[in-house]
Amino acid sequence: MKTVGEWNRARSDFNHGWLKNRMIFALYRAERILSGAVLDDTGLDVLKNLLAEWPERFREAVELIRHHASYCSMSAQVESDAEADYAAVVSFIRRQEEEKPEIKVRLATEALDDLDKEIHAAKELSTANIQRLIYKARRLADAISSLSLLSLPSRL
Amino acid sequence: MTPRILIHDDLFGRCSLDGSNVDRENLCAHFLWVDATGDTSAKASKQKVIQPTAEAVFCRAQSPASSGPGDTVENDLDMALEAVRKGWPKADQPQRGRPPKSSPVRWSMLLIDLCFYTGKVTAASHRRTPGMPEGRPGDDDPRSYFGLTLLDAIHQEFPELPVFILSSKPRDQVSLEFSQRGALGFIDRSALDGPELLEQALWNHGLLADPSGEVVGQSLPILLALREARRAAGHRENILIRGERGTGKELVARYLHRAISDSGFTPPDLNQKSGIKNQESRASRPLVAVNSAAFSPNLFATELFGIQPRTSSGVDGKVGLIEMAKGGDLFLDEIADMPPEVQASIMRVLQERQITRVGSRENLPVDVRFLSATNAELESPDSTFRPELLDRLRTGGTIWLPPLRERMDDIPLLVEKITHDAEAQRPGIRPRQVTPEAMERLQTHDWPGNVRELRGVIFDAVTRHPDVEYLVAGHLRLPKKGIRKLDSEIKPQEAQNGSTPNSLLDVLRHCSFSPSEAGQWAGQLPQIQQEHSRLMARLLGAAIEATKRRTPDRPDGAVQIHPAAKLATGNPALTAAKAADLFKRLLSPIQEELEGDLADAYRISLRLRPKGIPARIKVTVR
């Protein structure tokens with residue numbers, strides 16, 4: 001398992017660096033081109049290249065979500081031989097109540113699967129397809145943003 | 001004119017080693033910006049935005065600006081500040097022998113990213129995003145964002161520069177920090193409605209010149225005043241416009257009135273926010289302008305509230321000014337001259353939001369916004385203006401217009417516009433350029449009469465020299481040294497009140513009538529004539545306003561010089577020809593500075609009496 005710092009960096013690379021700042025803007029650009037607001041011969045190729053990267057990025061996203069789920073598990077937060085570590089157990093239960101990590105993980109997984117299906121279904125770059133991709137990419141970005149490890153025990 | 005914005009951003013501001021930045025092209029397409037950075041990426045781009053909302057200049061705020069594997073990227077505060085300075089001229093005061101230049105295009109707004117990644121550009125980080133470093137601990141920590149450090153430094157050096165955060169990071173992590181550091185707001189960069197939000201921000205907070213060109217200027221004081229006017233256009237509260245004579249108060253009132261229906265910068269959803277249904281209804285909102293000095297204590301009620309028609313007695317109805325402005329704006333100019341009876345009536349309208357026509361008992365609700373203007377110190381103990389009325393006339397705020405001496409770097413733009421106007425009014429005369437010496441003279445004069453005085457000087461120069469290609473310093477008739485000293489001796493109160501009997505008397509007091517100084521006397525005569533004409537023009541203007549023929553088609557009223565002359569002279573037997581002669585003679589010394597109704601009246605008088613000015617007309621004012 002990665003450290004929390006490494007996980008944060010990986011999330012930033014995927015969500016902030018790739019999904020929000022590259023993929024979503026490439027979709028916006030394609031939409032502008034298709035609507036005629038922008039004249040550009042290369043803009044759609046930029047999007048096609050990013051879509052070709054998707055299988056690799058999809059795997060990154062799966063790893064991110066999987067690691068988050070691992071961090072939020074009881075076994076990660078309460079050491080197995082510390083049955084007397086009552087405080088750690090209480091802290092874990094309270095975090096589950098307040099942050100509901102399993103719900104966030106479920107939503108992120110659904111959003112990822114949804115975008116994956118949409119990318120595979122979009123055979124051509126039409127305005128309707130691109131608008132659906134924008135909606136689903138933004139939904140995934142929001143879901144990944146909501147995953148947080150800030151309140152975990154510092155030893156992690 | 002398209003707004004010009006500066007963006008500090010590591011990702012979109014960088015240039016990769018091959019000179020391209022695909023991310024920046026994506027961003028520009030989404031926000032409908034033209035990339036005006038001028039670096040290799042901007043030059044290489046073939047993207048064309050059909051209707052750009054802004055010209056965007058990008059700055060990485062990091063060194064090196066262009067990076068590849070092996071380079072180390074560090075944040076660079078000096079580079080960021082220097083980029084801001086390039087579009088932010090300091091206030092340039094005229095100095096001897098060095099007139100201020102015309103101001104370059106000023107940043108309308110600055111956008112700052114939050115997270116700037118630093119460190120080494122590795123093969124892996126470069127493969128992922130060309131030119132981007134792998135990042136260091138703390139780069140992505142909201143407590144130590146470099147964007148907030150930038151914001152601090154920029155707000156300290158450029159407190160008037162509107163700054164927004166443009167980031168795809170969560171807003172709630174920095175909402176207190178960016179407010180404390182002077183940013184005006186936060187726009188989620190990757191939001192679907194980001195472009196609309198930015199347009200709205202530019203409209204409300206940006207420094208934008210008047211796209212119609214009617215209010216001329218790029219200087220900070222005039223851009224700040226226009227911003228206040230645009231902000232006021234978004235609501236229906238009453239606005240007071242203040243400034244010295246000749247600063248363009250009516251022009252700004254008209255800008256404010258039409259601001260909401262201007263295409264170009266108006267955000268698409270502004271209709272909904274202002275409560276106005278659609279473009280057509282906004283464009284058709286009336287603006288009725290009236291000079292408050294024109295109200296007579298006996299007749300103002302019929303002018304303001306109208307007359308109820310009565311078929312039984314044969315009384316014709318008349319629509320009052322307030323009803324004409326229904327749903328729109330009523331512009332009251334020179335409110336300091338409003339008679340006390342009128343003040344009381346306007347006060348009642350503002351309190352009750354309804355009017356009663358003369359001859360009727362029915363109350364009619366009115367939805368009118370009052371725009372008022374004055375150059376007087378209404379709060380002074382000597383003022384006869386009712387303080388409670390003043391408060392009600394500025395419930396939506398006050399717009400202060402700067403005097404010309406505080407925006408001297410606008411003079412080249414103003415001179416160009418005025419020269420063009422003067423040439424356009426005189427068909428067949430030669431178009432001309434203004435020499436640097438002439439411009440220097442214009443930029444080192446202190447202009448107590450502001451833009452109106454500048455307009456008069458340029459029109460005079462063009463009229464007297466129709467057959468030249470250059471406007472040179474010798475063509476300009478500016479007050480001589482003694483006269484200029486006189487201007488500074490006039491008490492501020494009098495200087496703000498425009499042409500008054502006192503200003504004419506002041507000119508006369510400082511004239512030498514000694515036969516031994518005949519040359520000086522001859523030099524001062526034109527100014528005495530002009531001062532006299534300005535004073536009479538106030539009387540004629542009031543008379544025109546009081547006798548205008550108003551119809552629903554012409555809510556602002558048509559100028560009628562014959563009844564106006566009869567009213568001004570108190571002579572009901574005055575003939576139409578004599579009336580035209582009166583206007584022609586009294587207004588000819590200041591024909592170049594006439595605007596609005598007085599300019600119309602002067603043109604009518606010339607049409608009716610095209611031959612030379614009569615030798616003498618006896619004018620008696622009762």
Check: Among the residues of region B:166-183, is there at least one that is out of contact with any Lys or Arg (no Cβ under 7 Å at 6 or more places or on another chain), modelled with pLDDT of 90 or more, at positive phi and not basic (K, R)?
Finding: yes
Item checked: The listed residue being farther than 13 Å from B:L454 by Cα, surrounded by 19 or more Cβ atoms within 10 Å (Cβ to Cβ) and more than 21 Å from the chain's Cα centre (by Cα), out of B:F370, B:F385 -> B:F385
Next item on the list: Please state which of the following conditions B:I399 fails to meet, knowing it meets all the rest: (1) in contact with a strand residue (DSSP E or B) (Cβ under 8 Å, 6 or more places away or on another chain); (2) under 30 Å from B:G234 (Cα atoms); (3) in a helix (DSSP H, G or I).
Entry: (3)
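Would you pick out the residues in region A:34-50 that are touching a helix residue (DSSP H, G or I) at 6+ places or on another chain (Cβ under 6 Å) and either more than 7 Å from chain B (Cβ to nearest Cβ) or among the basic types (K, R) (or both)?
A:L34, A:L44, A:L47, A:L50, listed by residue number.
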Notebook entry, point to check: What pairs come up if the first residue lies in region B:342-369 and is of a type outside the set (A, V, I, L, M, F, W, C), the second is in a helix (DSSP H, G or I), and their beta carbons are under 6 Å apart, counting only those six or more places apart or on different chains?
Noted result: B:Q343/B:L389; B:R357/B:F305
Notebook entry, point to check: Given the conditions (1) touching an Asp or Glu at 6+ places or on another chain (Cβ under 7 Å); (2) of a type in the set (A, V, I, L, M, F, W, C); (3) facing chain B (nearest Cβ under 10 Å), which single one is not true for A:F58?
Noted result: (3)
Item checked: Single unsatisfied condition, B:F186 versus (1) within 14 Å of chain A (Cβ to nearest Cβ); (2) in contact with a Ser or Thr (Cβ under 8 Å, 6 or more places away or on another chain) -> (1)
Margin query: Can you find a residue that is aliphatic (A, V, I, L, M) and either within 18 Å of A:W18 (Cα to Cα) or within 11 Å of another protein chain (Cβ to nearest Cβ) (or both) anywhere in region B:51-68?
Written below: no
Checklist line | Number of the condition not met by A:K123 [criteria: (1) under 30 Å from A:S70 (Cβ atoms); (2) more than 14 Å from every other protein chain (Cβ to nearest Cβ)] | finding: (1)
Next item on the list: For region B:410-421, state whether one or more residues are of a type outside the set (A, V, I, L, M, F, W, C), surrounded by 14 or more Cβ atoms within 10 Å (Cβ to Cβ) and not in a helix (DSSP H, G or I).
Entry: no
Next item on the list: Using the structure shown, decide if A:E6 is modelled with pLDDT under 90, over 29 Å from B:G138 (Cα atoms) and exposed (fewer than 13 other Cβ atoms within 10 Å of the Cβ).
Entry: no
Item checked: Inter-residue pairs, beta-carbon under 8 Å, first over 17 Å from B:R394 (Cα atoms) and in region B:236-255, second among the β-branched types (V, I, T), 6+ apart -> B:G246/B:V451; B:T247/B:V451; B:G248/B:V215; B:G248/B:V451; B:L251/B:V215; B:Y255/B:V215
Next item on the list: Please enumerate the residues belonging to region A:6-53 that are part of a helix (DSSP H, G or I) and acidic (D, E).
Entry: A:E6, A:D13, A:E31, A:D45
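The values are calculated or read from the model by the stated rules, or taken from the named source; none is laboratory data. Values in this document were obtained by computation on a predicted structure and should not be read as measured data. Positions of Cβ are backbone-derived with ideal geometry, glycine not excepted, and every protein chain shown enters the neighbour counts.
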